[in-house]
Amino acid sequence: MVIMGIDPGTAVTGYGVIRVSGNSVAWVGYGVIVTDTAEPLSQRLLTIYGGLSEKMNEYSPDRVAVEEAFYGKNVHTALVLGHARGVAMLAAAQRERGVFEYSPREIKKSVTGNGNASKEQVEYMVKTLLRPNGGKMRQDAYDALAVAMCDFYNMGRTALIRQKDK
């Protein structure tokens, strides 16, 4: 099974892909889709959609996990982030892939054991658990791999919830 994790953003969207084999996981790929912040939002969303569509075609994930919007104090930022999330979910839905959403706290807790972990702690655990090959990665790619790992750790729970809802 292949899981793609997505850390959505309108400036930078991270993606991370893992392969599940039994109870173990291995990284397959990761990267970022960077948009031109001088472009209108509609063009940036098109860039994100095109980039994610290309990566979904390349990796053929069975599941797609997306980080939920963090509301914080700035409602406008959360609203704009919601557009990027929507584009990611649309790309997955068009390929008839299961889409699963996780809060930042759930992701941190799944990967580090602490829902209040720092970005550095998440990065450290992703490196330790997956040992991604390569040089310096952007934080967004580490975060996306953490989203994929969170989905892996929660697969049984989400399957039970979906079965119960039927």
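The values are calculated or read from the model by the stated rules, or taken from the named source; none is laboratory data. Every value quoted in this text rests on a predicted model; they were computed, and no experiment measured them. For neighbour counting, all protein chains shown are included, and Cβ atoms are generated from backbone atoms with ideal geometry for every residue, glycine included.
Which members of the range 25-59 meet the condition of being out of contact with any strand residue (DSSP E or B) (no Cβ under 6 Å at 6 or more places or on another chain) and under 12 Å from V2 (Cα atoms)?
M56, E58
Whether any residue in the range 109-119 is over 19 Å from M1 (Cβ atoms), modelled with pLDDT of 95 or more and either under 13 Å from the mean Cα position of the chain (by Cα) or among the basic types (K, R) (or both) is what I want to check.
So far as the range 109-119 goes, yes, one or more of its residues are over 19 Å from M1 (Cβ atoms), modelled with pLDDT of 95 or more and either under 13 Å from the mean Cα position of the chain (by Cα) or among the basic types (K, R) (or both).
Can you go through A92, A65 and tell me which one is among the aliphatic types (A, V, I, L, M), in contact with a Phe, Trp or Tyr (Cβ under 9 Å, 6 or more places away or on another chain), closer than 16 Å to G16 by Cβ and surrounded by 15 or more Cβ atoms within 10 Å (Cβ to Cβ)?
The conditions single out A65.
Residue by residue through the range 135-155, note down the ones that are assigned to a helix (DSSP H, G or I), more than 14 Å from V99 (Cβ to Cβ) and small (G, A, S).
A141, A144, A146
Is it the case, given these coordinates, that I48 is surrounded by 14 or more Cβ atoms within 10 Å (Cβ to Cβ), free of Cβ contacts under 8 Å to residues at least 24 places away in the same chain, of a type in the set (V, I, T) and within 25 Å of N154 (Cβ to Cβ)?
No.
Yes or no: the range 13-24 includes at least one residue that is more than 15 Å from D140 (Cα to Cα), among the polar types (S, T, N, Q) and in a strand (DSSP E or B).
Within the range 13-24 (the criterion being more than 15 Å from D140 (Cα to Cα), among the polar types (S, T, N, Q) and in a strand (DSSP E or B)), the answer is yes, since at least one residue qualifies.
Kindly list, by first and then second residue, each pair from a residue in the range 1-12 that is closer than 13 Å to A78 by Cα to a residue that is in a strand (DSSP E or B) and among the β-branched types (V, I, T), limited to pairs with Cβ atoms under 7 Å and residues at least 6 apart or on different chains.
Sorted first by the residue in the range 1-12, then by its partner, the pairs are P8/V66.
Conditions first: (1) surrounded by 13 or more Cβ atoms within 10 Å (Cβ to Cβ); (2) over 20 Å from R138 (Cα atoms). M4 passes all but one, so which condition is the exception?
Failing condition for M4: (2).
Answer with yes or no whether S118 is of a type in the set (G, A, S), surrounded by fewer than 18 Cβ atoms within 10 Å (Cβ to Cβ) and over 20 Å from R138 (Cβ atoms).
no
For the range 59-117, how many residues meet the condition of being in a strand (DSSP E or B), under 13 Å from G9 (Cβ atoms) and β-branched (V, I, T)?
Number of matching residues: 1.
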